[in-house]
1. Projected area of the stretch 255-412, taken from the Cα convex hull and averaged over every viewing direction, in nm²?
2. As a check on your grasp of the helix formula, calculate [θ] at 222 nm for the chain: sum -39500 (n - 2.57) over DSSP H runs of n ≥ 4, divide by the residue count, round to the nearest 500.
3. If the chain between residue 322 and residue 352 were fully stretched, how many nm would it gain, using 0.36 nm times the residue separation less the Cα-Cα distance?
4. Order these by the 10 Å Cβ neighbour count, fewest first: 326, 396.
5. Taking the Cβ of each residue in 203, 117, 533 as the centre, tally the other Cβ atoms inside 10 Å and list the residues starting with the fewest.
6. Does anyone have the angle between helix 53-62 and the longest principal axis of the chain? Alpha-carbon axes, 0 to 90°, nearest 10?
7. Let me have the relative contact order for the stretch 417-549, percent, based on Cα pairs under 8 Å that are six or more residues apart.
8. Grab the beta carbon distance between residue 530 and residue 29, set R0 = 51 Å, and tell me the FRET efficiency rounded to 0.05.
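Read-outs: derived from the displayed coordinates by stated rules, not from any lab. These numbers were taken from a predicted model, which means no experiment stands behind them. Backbone-built Cβ (ideal geometry, glycine too); neighbour counts: all protein chains shown.
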């Protein structure tokens, strides 16, 4: 029996030597020729990885590969990105785990190269120094967490209805569906960063029979559809853990030229655990960042036990021709469903206004903060359902537009408002808001007149959709620390004055705002001892019913 095993092993070895298989992955070519294991690049910048047949057998037997196996020095000076990319390419082909070398420091220079992660990866205690001072392509991710499953186009779907429960398709497995109508514009932005809007977009999950997951429902009516893409969902969870990442900040001109030298997650069912990201070298100018952790076109993502960093705020001239502060982020969620941040925090002071709010999102559903300490939560181009619980939010607070249920529980908010409905997208929330067991410290305790729900709406701008205030607002067990207030303070307002010009029936809205129906209040206390008022503009909210229970 012993000799039989040796014979099988021998012939496996011979097959590897003679086969000299090549497997292209992105811009990586892998061979198993009878040479030493080495990594090189050709004139086109393609990465060539040769792994000796002996090493192939060794790595497969161990089930794991290290960056040093492919030539990474880990000395903090030598650019190790080629070796890192080669390690992952080989691991992806053979289904092996990847582990960074303990105590190593991997320097990553400005070369355009992306390491593709498709297997479990443990960055461990290793450090990664990402130098953004001179880069070939500031849009190229350092790591891309991707699926081996390929998206495909769907045919025969010409329209959709909001809350539609089923689409007429038969699929090989559950898929993430992205639908667009290029003939309809939404999110026609107003203000200093005004624009002409974005293509109507929706994203949702269906099973193989076309049944829509109603926890993340279809939120728009599509009169016509110009593109439908299906991406099969990975069923096995991929885990990425550890790692101490430091970005040497770019020195580029302060204008909207977003850097994406990041970890991009574009695969469903991923857990990112225990990563740290810091930033050094920020000066008096620089281009903004699009998110060191970016989650895009995927579902069921958990980011936990991570420490991140807010970026310094720089200014530029906006599309309206006036100076504007540029949004710059360490977290970005775009076109993604069921994304949770659990037990995460940031390195810098959440109330330091020299640093921009740490997170942004667009076209996403079911976003969760749980036990997080961040400078803000934000939803630009809509979120359907969001939950913030057991958390502390700093100077930029909660900024959102969207639909469904927005829940804030067991959380301390230190922003200008408890919840700000973004005025640049119409201060719209089509659904309900629940605030329970929270503490609101307006402006972090600075002198101010408190208002719980902030926003503004003139009724003169077309955002591409009807704008709504929350249909129903429930506030239970809320303490408002409004002890630092001006002398003429009347008490905390439930609503900020959304339109100072709307003081009687003579004001006409071209695009009418759908006002809140009812507010339920229970056990709302104030440090000032003053009672809640509806608004400093009571006319606008005269028909809102306020009930205590």
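1. 8.7 nm²
2. Result for the chain: -2500 deg cm²/dmol, rounded to the nearest 500.
3. Additional length available on full extension: 8.4 nm.
4. Arranged by neighbour count, lowest to highest, 326, 396 become 326, 396.
5. Exposure proxy ranking, most exposed first: 533, 117, 203.
6. So the inclination is approximately 50 degrees.
7. Here the relative contact order equals 29 percent.
8. Given R0 = 51 Å and the Cβ-Cβ separation, E is 0.10.
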